[in-house]
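The values are calculated or read from the model by the stated rules, or taken from the named source; none is laboratory data. Quantities reported herein were computed from a predicted structural model and do not represent experimental measurements. Glycine also receives a Cβ, built like all others from the backbone with ideal geometry; neighbour counts cover every protein chain displayed. Please note that ligands, DNA and RNA were not included when accessible areas were found on the heavy atoms of the full protein model with its side chains. Shrake-Rupley method; radii C 1.70, N 1.55, O 1.52, S 1.80 Å.
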Amino acid sequence: MGRYLLKRLWHTVYVVVGISIISFFFIHLSGDPVMLMLPGDASMAEVETLRQQLGFNDPLYVQYWHFASRAVTGDLGVSLYHRVPAIRLIMERLPASLELAGAAMLIALVVAIPLGVISAVKRGSLWDMSSMLGALFGLSMPHFWLGIMLILLFSVTLGWLPTSGRGTLAQLVMPSLALGLSLMAMFARLTRSVMLEVLSLDYVRTARAKGLREKIVIGKHALRNALIPLVTVAGMQFGFLIGGTVIIETVFAWPGVGRLVVQAIFSRDYPLVQATVLVLAVIFVVVNLLVDLIYLYLDPQISYLEQK
Amino acid sequence: MWVVSSRMLSIRNLKTYFRTPKGLARAVDGVSLDIGPGEVVGVVGESGCGKSVMALSILGLLPRPPAYFAGGEILFNDQDLLKFKPDEMRRLRGNQISMIFQEPMSALNPVFTVGNQLQEVFQVHRNLGRAEALQNAIDMLAKVGVPAPERRVREYPYQLSGGMRQRVMIAMALACRPALLLADEPTTALDVSIQAQIIELMTALKEELDTAILLITHDLGVVAEITRRVAVMYTGKIMEEAPTLDLFDAPLHPYTRGLLTSIPRADASFETESLTEIKGVVPSVAALPPGYHFEPRCPEAIDICRAQAPALEEARPGHRVACWRAAHA
Ligand SMILES: Nc1ncnc2c1ncn2[C@@H]1O[C@H](COP(=O)(O)OP(=O)(O)OP(=O)(O)O)[C@@H](O)[C@H]1O
Ligand SMILES: [Mg+2]
């Protein structure tokens with residue numbers, strides 16, 4: 001088991017380095033920030049001096065080397081716009097984004113798994129058909145539109161929930177729902193199809209042949225196996241969820257990394273963009289590592305195969 | 001008058017059908033079979049003839065839909081299992097009637113330990129606590145010849161060989177000393193050397209626990225060795241049923257004779273050798289035309305066989321056969 005984790009950890013390093021290289025070059029292809037940093041009437045000489053100062057005249061791989069060697073010490077550069085270390089800006093905003101993504105994931109799983117299980121068990125019933133129809137709607141609704149509709153209904157019309165900001169539980173409800181609904185729909189459909197498959201397997205029949213209660217046959221023998229693919233997909237989807245926060249944070253004025261990076265992109269604050277991409281990549285990779293840990297727990301065969 | 005039934009299980013004219021996209025599949029079509037207490041009855045027949053469906057019908061383990069019971073009754077100690085409520089049925093399973101399956105590989109849950117899966121039986125039927133149930137599980141594993149049972153209970157199914165897994169399945173099935181064990185090809189998936197051990201184990205435990213066994217198998221050698229009576233099935237119907245010795249000595253049905261002569265050695269299985277003596281292939285039970293389904297393959301068919309399927313009739317005492325010629329010979 002230790003060896004398995006070590007191997008995964010090593011993979012993680014590769015992935016982070018890869019992402020940092022790719023994002024670095026893409027961002028530098030997207031235009032010259034120096035022009036934006038100086039007033040419009042700056043002379044060519046002034047531009048050239050600043051370029052020299054910031055190291056923009058060095059070959060790209062030298063620039064990357066500078067960036068990377070500073071990054072491993074935790075220095076991700078200084079925001080051109082805010083004039084403070086990028087990492088500090090990100091760390092200030094990160095808890096808000098993780099809270100939003102985590103809440104969205106939690107809502108999605110907590111609702112979708114029971115929904116999908118009941119649909120699978122009562123396949124073809126009215127419950128099954130209506131919840132799967134609902135899931136289809138949920139899947140096809142864009143985040144921002146759903147967010148706006150929620151605001152219209154719960155804030156404007158009913159006045160139950162605040163439209164924006166962060167701090168109270170009431171403020172978390174709508175953004176996380178808007179972010180998590182499509183995921184919820186996807187998980188519900190996935191849970192249903194995985195459960196249908198598992199329920200037809202031999203060991204479920206064995207469990208019934210033993211005289212176990214249906215509650216245990218489904219809740220223990222079938223669900224525990226169905227969770228294995230679900231956890232994999234949930235881990236992968238967490239990355240997309242982080243991506244989704246960019247839009248939702250803007251709609252609900254949620255003070256997270258998503259809004260920070262949108263502002264950074266518009267102001268060509270390339271060190272901040274670069275730093276954010278890297279931090280998000282690390283988070284993505286860490287989440288996948290966590291998924292691997294859960295996997296080890298859920299599927300005893302993995303650690304066994306790795307030992308061999 | 002008080003009648004003591006000698007039949008613990010009495011299947012009467014059982015019809016288990018499946019609604020499939022291709023039409024109605026009459027998987028079990030009017031089967032009658034009795035099993036007395038402690039008796040070992042064999043059921044043989046080519047693949048797809050409805051052996052498993054019959055066994056699963058007894059325990060109510062078929063997915064409904066597509067399966068449904070179109071008629072008949074399954075009397076267990078004179079109570080019709082087909083009329084049991086789900087919870088009554090559940091209490092019977094693994095307790096009074098147990099089943100073991102062909103594939104020990106997939107029959108055990110991969111994510112729970114052997115001990116966990118075994119102790120459940122004691123927890124649900126004997127209301128034992130965890131620790132006590134686990135101790136019982138260990139004892140049961142020892143009984144079925146699993147070495148180092150204290151260690152094995154903590155292992156997962158994939159850590160066990162096929163033979164060991166089938167022993168675990170047997171331990172699970174016999175944990176509550178059931179009156180009847182339905183063994184659906186318990187050795188087919190195992191190595192030949194292991195097969196004999198498993199059969200030996202089942203016979204030994206049968207003696208000790210006095211469990212009746214319905215043994216479904218392709219292995220006529222095993223049938224000859226341990227069963228007292230045997231039924232031959234074809235397309236959902238019983239073609240011939242007789243005391244085992246009688247059937248091997250003087251088979252009455254052309255189909256039975258085909259099965260017997262297609263294997264030169266008694267220990268061979270007719271599934272591996274092809275049925276050279278019986279021409280043609282088994283028709284699928286899905287959307288079978290009316291009439292007598294063996295007639296096209298029967299070397300001895302006469303006019304009446306084409307017109308009407310023969311009923312299962314007693315040709316000699318205890319020897320039933322469904323064949324126009326044999327029954328009236
Ligand atoms: N779930 C199902 N849905 C539809 N038809 C089924 C189903 N299960 C079984 N059948 C039908 O019942 C017939 C008998 O199947 P069964 O499994 O009882 O055969 P068997 O005699 O046990 O064969 P084998 O020796 O291969 O195990 C099959 O041919 C199939 O057409
Ligand atoms: Mg079968």
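Taking region A:153-162 only, how many residues are on the phi < 0 side of the Ramachandran plot and either among the acidic types (D, E) or out of contact with any helix residue (DSSP H, G or I) (no Cβ under 8 Å at 6 or more places or on another chain) (or both)? Give the steps one after another, and end with the answer.
Residues of region A:153-162 that are on the phi < 0 side of the Ramachandran plot, as a first pass: A:153-158, A:160-162.
Then drop every residue that is not either among the acidic types (D, E) or out of contact with any helix residue (DSSP H, G or I) (no Cβ under 8 Å at 6 or more places or on another chain) (or both), which leaves A:153, A:156-158.
Summing the residues that are on the phi < 0 side of the Ramachandran plot and either among the acidic types (D, E) or out of contact with any helix residue (DSSP H, G or I) (no Cβ under 8 Å at 6 or more places or on another chain) (or both) in region A:153-162 gives 4.
Looking at region B:56-66 only, could you name the residues that are in a helix (DSSP H, G or I) and more than 8 Å from ligand 1 (Cβ to nearest atom)?
Pass one, region B:56-66, residues in a helix (DSSP H, G or I): B:56-59.
Those that are in a helix (DSSP H, G or I) and more than 8 Å from ligand 1 (Cβ to nearest atom): B:S57, B:I58, B:L59.
Is it the case that some residue within region A:189-209 is over 25 Å from A:V291 (Cα atoms) and either modelled with pLDDT under 90 or touching a strand residue (DSSP E or B) at 6+ places or on another chain (Cβ under 6 Å) (or both)?
Yes, that holds for at least one residue.
Rundown of residues vs (1) farther than 27 Å from B:G38 by Cβ; (2) free of Cβ contacts under 8 Å to residues at least 40 places away in the same chain, yes/no style:
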{"position": "B:E132", "(1), (2)": "yes, yes"}
{"position": "B:D139", "(1), (2)": "no, yes"}
{"position": "B:R152", "(1), (2)": "yes, yes"}
{"position": "B:L181", "(1), (2)": "no, no"}
{"position": "B:D184", "(1), (2)": "no, no"}
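Kindly list, by first and then second residue, each pair from a residue in region B:58-71 that is in contact (Cβ under 8 Å) with a residue 60 or more places away in the chain to a residue that is within 16 Å of ligand 2 (Cβ to nearest atom), limited to pairs with Cβ atoms under 7 Å and residues at least 6 apart or on different chains.
These pairs meet every condition: B:I58/B:L182; B:L59/A:A209; B:L59/B:M99; B:L59/B:L182.
Quick one: which residue in A:I228, A:I148 is of a type in the set (A, V, I, L, M, F, W, C) and closer than 30 Å to B:T113 by Cα? Walk me through how you get there before you give the answer.
Numbers: A:I148 fails: closer than 30 Å to B:T113 by Cα.
None of the other options fit; the residue is A:I228.
Among the numbered criteria (1) open to solvent by less than 40 Å² (accessible area, probe 1.4 Å); (2) more than 14 Å from chain B (Cβ to nearest Cβ), which single criterion is violated by A:T250?
(1)
As an exercise: evaluate B:E132 against (1) modelled with pLDDT under 90; (2) open to solvent by 10 Å² or more (accessible area, probe 1.4 Å) and give the number of the one condition it does not meet.
(1)
Residues being away from ligand 2 (no atom under 11 Å from the Cβ) and open to solvent by 20 Å² or more (accessible area, probe 1.4 Å): count how many of those fall in region B:42-59.
Kept after step one, since they are away from ligand 2 (no atom under 11 Å from the Cβ), are these residues of region B:42-59: B:42, B:44, B:57-59.
With open to solvent by 20 Å² or more (accessible area, probe 1.4 Å) added as a condition, the list becomes none.
Residues meeting the conditions: 0.
Among the residues that make up region A:195-204, is at least one of them more than 14 Å from chain B (Cβ to nearest Cβ) and farther than 30 Å from B:N127 by Cβ?
Looking for residues that are more than 14 Å from chain B (Cβ to nearest Cβ) and farther than 30 Å from B:N127 by Cβ, one finds none in region A:195-204, hence no.
Would you be able to say whether some residue in region B:179-201 is more than 26 Å from B:S10 (Cα to Cα), at pLDDT 90 or above and away from ligand 2 (no atom under 16 Å from the Cβ)?
Scanning region B:179-201 turns up no residue that is more than 26 Å from B:S10 (Cα to Cα), at pLDDT 90 or above and away from ligand 2 (no atom under 16 Å from the Cβ).
Please go through region A:203-255 and pick out each residue that is of a type in the set (K, R) and in a helix (DSSP H, G or I). It would help to see each step written out before you state the result.
Residues of region A:203-255 that are of a type in the set (K, R), as a first pass: A:205, A:208, A:210, A:213, A:215, A:220, A:224.
Across region A:203-255, the qualifying residues are A:R205, A:R208, A:K215, A:K220, A:R224.
With under 15 Å from the mean Cα position of the chain (by Cα) and at pLDDT 85 or above as the only criterion, which of A:Q237, A:Q263 stands out? So that I can check it myself, show each step before the final result.
Working: A:Q263 fails: under 15 Å from the mean Cα position of the chain (by Cα).
Of A:Q237, A:Q263, the one residue that is under 15 Å from the mean Cα position of the chain (by Cα) and at pLDDT 85 or above is A:Q237.
Please verify whether B:G36 is away from ligand 2 (no atom under 16 Å from the Cβ) and either modelled with pLDDT under 90 or on the phi > 0 side of the Ramachandran plot (or both), treating the condition exactly as stated. Working first, answer last.
On the way: away from ligand 2 (no atom under 16 Å from the Cβ): yes; either modelled with pLDDT under 90 or on the phi > 0 side of the Ramachandran plot (or both): no.
For B:G36, the condition - away from ligand 2 (no atom under 16 Å from the Cβ) and either modelled with pLDDT under 90 or on the phi > 0 side of the Ramachandran plot (or both) - is not met.
Can you tell me which residue within region B:245-259, out of those that are more than 24 Å from B:D29 (Cβ to Cβ) and assigned to a helix (DSSP H, G or I), is nearest to ligand 1 (Cβ to nearest atom)? Walk me through how you get there before you give the answer.
Within region B:245-259, the first condition is being more than 24 Å from B:D29 (Cβ to Cβ), and the residues that meet it are B:245-246, B:248-250.
Imposing the further condition that a residue be assigned to a helix (DSSP H, G or I) reduces the set to B:245-246, B:248-249.
Details: B:L245: 24, B:D246: 23, B:F248: 20, B:D249: 25 Å.
Once the filter is applied, the top-ranked residue is B:F248.
Consider region A:216-247. How many of its residues are more than 11 Å from chain B (Cβ to nearest Cβ) and either of a type in the set (D, E, K, R) or over 30 Å from A:A96 (Cβ atoms) (or both)?
So the first thing to find is which residues in region A:216-247 are more than 11 Å from chain B (Cβ to nearest Cβ), and the list is A:218-219, A:229-247.
Okay, now just the ones that are also either of a type in the set (D, E, K, R) or over 30 Å from A:A96 (Cβ atoms) (or both), so A:218-219, A:229.
Final tally of qualifying residues: 3.
Would you confirm whether any residue within region B:93-114 is in contact with a strand residue (DSSP E or B) (Cβ under 7 Å, 6 or more places away or on another chain), farther than 22 Å from B:M172 by Cβ and within 11 Å of chain A (Cβ to nearest Cβ)?
The answer is no, given that none of the residues of region B:93-114 is in contact with a strand residue (DSSP E or B) (Cβ under 7 Å, 6 or more places away or on another chain), farther than 22 Å from B:M172 by Cβ and within 11 Å of chain A (Cβ to nearest Cβ).
Go through region B:24-53 and give me each residue that's closer than 17 Å to B:N77 by Cα, outside any loop (DSSP other than H, G, I, E, B) and more than 13 Å from the chain's Cα centre (by Cα).
Of everything in region B:24-53, just one residue is closer than 17 Å to B:N77 by Cα, outside any loop (DSSP other than H, G, I, E, B) and more than 13 Å from the chain's Cα centre (by Cα), namely B:S32.
Looking only at region B:20-33, how many residues end up being at pLDDT 90 or above and near ligand 1 (Cβ under 9 Å from one of its atoms)?
Counting residues in region B:20-33 that are at pLDDT 90 or above and near ligand 1 (Cβ under 9 Å from one of its atoms) gives 1.
Conditions (1) open to solvent by less than 20 Å² (accessible area, probe 1.4 Å); (2) out of contact with any helix residue (DSSP H, G or I) (no Cβ under 6 Å at 6 or more places or on another chain); (3) over 29 Å from A:P95 (Cβ atoms), marked per residue:
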{"position": "A:F137", "(1), (2), (3)": "no, yes, yes"}
{"position": "A:S140", "(1), (2), (3)": "no, yes, yes"}
{"position": "A:H143", "(1), (2), (3)": "no, no, no"}
{"position": "A:I151", "(1), (2), (3)": "no, yes, no"}
{"position": "A:S164", "(1), (2), (3)": "no, yes, no"}
{"position": "A:L183", "(1), (2), (3)": "yes, no, no"}
{"position": "A:V217", "(1), (2), (3)": "yes, no, yes"}
{"position": "A:L223", "(1), (2), (3)": "no, yes, yes"}
{"position": "A:L230", "(1), (2), (3)": "yes, yes, no"}
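Going through region B:191-249 one residue at a time, which ones are open to solvent by 10 Å² or more (accessible area, probe 1.4 Å) and either small (G, A, S) or at positive phi (or both)?
B:S193, B:A196, B:A204, B:D210, B:G221, B:A224
Given (1) closer than 30 Å to B:H218 by Cβ; (2) at the interface with chain A (Cβ under 8 Å from one of its Cβ atoms), identify the lone condition not met by B:V124.
(1)
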